[in-house]
Amino acid sequence: MIRVVLVDDQELMRVGFRMVLGAQEDMEVVGEAGDGRAAVDLAARLRPDVVLMDVRMPVLDGVEATRAITAAGTAKVLVMTTFDLDEYALSALRCGASGFLLKDTPPAHLVDALRSVASGDAVVSPSVTRRLLDRFLGGPGAGELRDAAVLDALTEREREVLVLIAQGLSNSEIAGKLFLSEATVKTHVGRVLSKLDLRDRVQAVVLAYETGLVRPGDL
């Protein structure tokens with residue numbers, strides 16, 4: 001069973017999510033919280049597989065709650081946002097979230113996303129990620145670019161794989177693009193994450209943009 005904690009300051013949203021997840025044979029909602037501080041405490045106590053986290057909340061927002069939860073290693077975090085151009089969502093990714101979804105995401109996509117995150121993958125929507133990164137890296141709240149020398153640890157093939165990860169391609173899509181087996185791609189992805197000390201594909205996407213390896217217009 002995939003054990004999920006729901007975090008949203010709107011009870012109606014939590015009810016809706018609980019109904020969707022409760023209908024799945026492989027999922028169980030083990031707890032709910034209405035603010036970030038309660039979410040951190042709940043995650044530490046219950047140690048769920050995934051925390052479904054709203055980013056805009058009272059007491060402690062979802063970004064800081066995500067930072068605390070992922071730093072403690074108590075759960076993976078999938079953040080939810082109302083607006084696709086939301087700097088809070090990207091900040092949550094930088095703090096360790098394994099992906100983000102819009103709150104109007106179809107139920108089937110939400111369920112698939114939770115399964116992906118629980119299995120150790122990440123949820124990266126190319127179109128939404130592009131707009132977020134474009135705003136974050138080029139707008140008023142832009143973060144500092146990182147020295148591209150960090151990528152020197154990668155082989156040429158690994159750099160190719162990182163570019164395709166940053167463009168939102170799945171392992172099977174990368175395999176087709178590079179004429180490799182999916183198992184080989186999985187190995188390359190693992191090496192990229194290990195060499196660059198990255199938690200998951202989301203952090204790989206952010207790093208690819210921060211180093212200038214990929215730019216928002218490339219998607």
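The values are calculated or read from the model by the stated rules, or taken from the named source; none is laboratory data. All of these numbers come straight from a predicted model, not from anything done at the bench. Using ideal geometry, Cβ is built from the backbone for each residue, glycine included, and neighbour counts are taken over all protein chains shown. Accessible surface is based on the protein model in full, side chains and every heavy atom, while ligands, DNA and RNA are left aside. Shrake-Rupley method; radii C 1.70, N 1.55, O 1.52, S 1.80 Å.
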Legend entry - Single condition MET1 does not satisfy, out of (1) open to solvent by 70 Å² or more (accessible area, probe 1.4 Å); (2) modelled with pLDDT of 95 or more: (2)
Inset, instruction - Restrict the check to the range 50-58 and report whether at least one residue is of a type in the set (Lys, Arg) and at pLDDT 90 or above. - result: no
Legend entry - Yes/no for LEU12 being outside any loop (DSSP other than H, G, I, E, B), open to solvent by less than 20 Å² (accessible area, probe 1.4 Å) and among the hydrophobic types (A, V, I, L, M, F, W, C): no
Legend entry - Scope the range 143-174; condition surrounded by fewer than 18 Cβ atoms within 10 Å (Cβ to Cβ) and among the hydrophobic types (A, V, I, L, M, F, W, C); matching residues: LEU145, ALA148, ALA149, VAL150, ALA153, VAL163
Inset, instruction - Please enumerate the residues belonging to the range 48-60 that are over 15 Å from the mean Cα position of the chain (by Cα) and charged (D, E, K, R). - result: ARG56
Legend entry - In the range 155-180, the residues that are out of contact with any helix residue (DSSP H, G or I) (no Cβ under 6 Å at 6 or more places or on another chain) and not basic (Lys, Arg): THR155, GLU156, GLU160, VAL163, GLN167, LEU169, SER170, GLU173, GLY176, LEU178, PHE179, LEU180
Legend entry - Pairs with Cβ under 8 Å, 6+ apart, first in the range 14-35 and touching a residue at least 60 places away in the same chain (Cβ under 8 Å) and assigned by the TED database to the domain that holds LEU114, second loosely packed, with under 14 Cβ neighbours inside 10 Å and part of a loop (DSSP other than H, G, I, E, B): ASP26/MET1; MET27/MET1
Inset, instruction - Return the residue satisfying two criteria in turn: it lies in the range 61-76 and is surrounded by 24 or more Cβ atoms within 10 Å (Cβ to Cβ) and touching a residue at least 40 places away in the same chain (Cβ under 8 Å), and of such residues it is nearest to the chain's Cα centre (by Cα). - result: LYS76
Inset, instruction - Could you list all residues from the range 19-40 that are surrounded by 15 or more Cβ atoms within 10 Å (Cβ to Cβ) and outside any strand (DSSP E or B)? - result: VAL20, LEU21, GLN24, GLY34, ASP35, GLY36, ARG37, ALA38, ALA39, VAL40
Legend entry - Which numbered condition PHE83 fails, given (1) modelled with pLDDT of 80 or more; (2) in a loop (DSSP other than H, G, I, E, B); (3) open to solvent by 20 Å² or more (accessible area, probe 1.4 Å): (1)
Legend entry - Residue, most open to solvent (accessible area, probe 1.4 Å), within the range 41-60, restricted to residues that are in contact with a strand residue (DSSP E or B) (Cβ under 9 Å, 6 or more places away or on another chain) and assigned to a loop (DSSP other than H, G, I, E, B): ARG47
Legend entry - Considering residues of the range 181-208 that are outside any helix (DSSP H, G or I) and open to solvent by 40 Å² or more (accessible area, probe 1.4 Å) only, the residue nearest to ALA113 (Cα to Cα): ARG199
Inset, instruction - Output yes when any residue across the range 140-152 is at pLDDT 80 or above, in a helix (DSSP H, G or I) and within 20 Å of ARG56 (Cβ to Cβ), and no when none is. - result: no
